[in-house]
Structures are given as C-alpha cells and as structure tokens.
Amino acid sequence: MEIFQLVYGSHARRAFTRPELSSLLTVARARNTASNVTGMLLYHDENFLQVLEGNEVVVEALYEKIRKDPRHAGCMILHRGHARERQFKEWTMAFRTPNADELREAGLADLRALELRR
C-alpha cells in the first residue's frame, strides 16, 4: 500500500522558545494521531523542515492549514508524492533541533539556503 508524503520548508516570523516548540508538538501529535498522520519536524535558526505522511487528502488539507498559520512565512513544498511505506511510522511527529554540523551531514547544509524568508 502506498502512502502520500509531503515535505515543506518555512521560516518562522520570530524565534520559537522551547516552551512554544513543546506546545506546538503537543498539538501536532494529538492532531496527527487522530488523523493517522506521521512525520518529523526539524527546527534550526528560525527555519522549519517538515515531512508529513498519510492519506493524500488529509495531508494536503493539513498542509493548507499549516501554510496559513501566521507564525511562519515562505512555505515551500520540497517534495510531494507517494512512497511504498511510511518513513516515520513510529512517530506522530518526530522532532529535532539539529546543529549546523548535523545539517551538513544530512545534506541540508543550511536551511536558509532554501530561501524561505519571504
């Protein structure tokens, strides 16, 4: 069975504090559990990179809601398509705040290079 995946990046309008990130994750995880959505979120230097996977209609609707969230700007879809299986099947929303070295090792040298600041 194929699964739909959407990957996007965006830029926070201001830096998120640890408590704000924690609150965002609590809400996202509850919503994703109810919608059978899995994925992961990276946050570095006021930039987000998120993978969402699940039913195509559900994921697209969720992305539209995220895109309209006033806390960030410059949403850019980096990948939209189907995969054979979930990459984050154990996670309603995995989360990391990688450092610059970890981003380089992952091939994401600098999320700012995606020009998300619009």
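The values are calculated or read from the model by the stated rules, or taken from the named source; none is laboratory data. Small disclaimer: the values here were computed from a predicted structure and weren't measured. Virtual Cβ from ideal backbone geometry, glycine too; neighbours counted across all protein chains shown. Accessible surface is based on the protein model in full, side chains and every heavy atom, while ligands, DNA and RNA are left aside. Shrake-Rupley method; radii C 1.70, N 1.55, O 1.52, S 1.80 Å.
Remark on Ala94: its backbone amide H falls under 5 Å from those of Gly39, Met40, Leu41, a criterion applied only to residues 5 or more positions apart or on other chains, H modelled at 1.01 Å from N. Residue by residue, the range 24-39 carries 3J(HN,Hα) couplings of 4, 5, 4, 5, 4, 5, 5, 5, 5, 4, 5, 9, 6, 9, 10, x Hz when phi is fed to the Karplus relation 6.51 cos²θ - 1.76 cosθ + 1.60 (θ = phi - 60°); x denotes Gly or Pro.
Each stretch of four or more DSSP H residues adds -39500 (n - 2.57); spread over every residue of the chain, this sum gives -9500 deg cm²/dmol at 222 nm.
Taking the charge dipole of the range 1-48 about its Cα centre, with +1 at Lys and Arg Cβ atoms and -1 at Asp and Glu Cβ atoms, the residue from Ser22, Asn47, Ser35 reaching farthest to the positive side is Ser22. Residues in the range 8-16 carry Karplus couplings, in order, of 9, x, 7, 10, 5, 5, 7, 4, 8 Hz; the curve used is 6.51 cos²θ - 1.76 cosθ + 1.60 with θ = phi - 60°, and Gly or Pro positions show x. Considering only Asn47, Asn36, Asn99, the Gaussian network model of the chain with Cα springs below 10 Å gives its largest mean-square fluctuation to Asn99. Taking the longest Cα principal axis of the chain as reference, the axis of helix 56-67 is set at about 20 degrees. Scanning the chain for GluC sites (Glu not before Pro) in DSSP loops with at most 11 neighbouring Cβ atoms within 10 Å leaves 3-84 as the longest stretch between them. The calculated FRET efficiency for Ser23 paired with Met76, based on their beta-carbon distance and R0 = 41 Å, is about 0.95.
So between Arg14 and Thr97, what do we pick up on full extension, going 0.36 nm a residue minus the alpha carbon distance?
28.3 nm
In terms of accessible area, using a 1.4 Å probe and ignoring ligands and nucleic acids, Ile66, Ile77 rank largest first as Ile77, Ile66.
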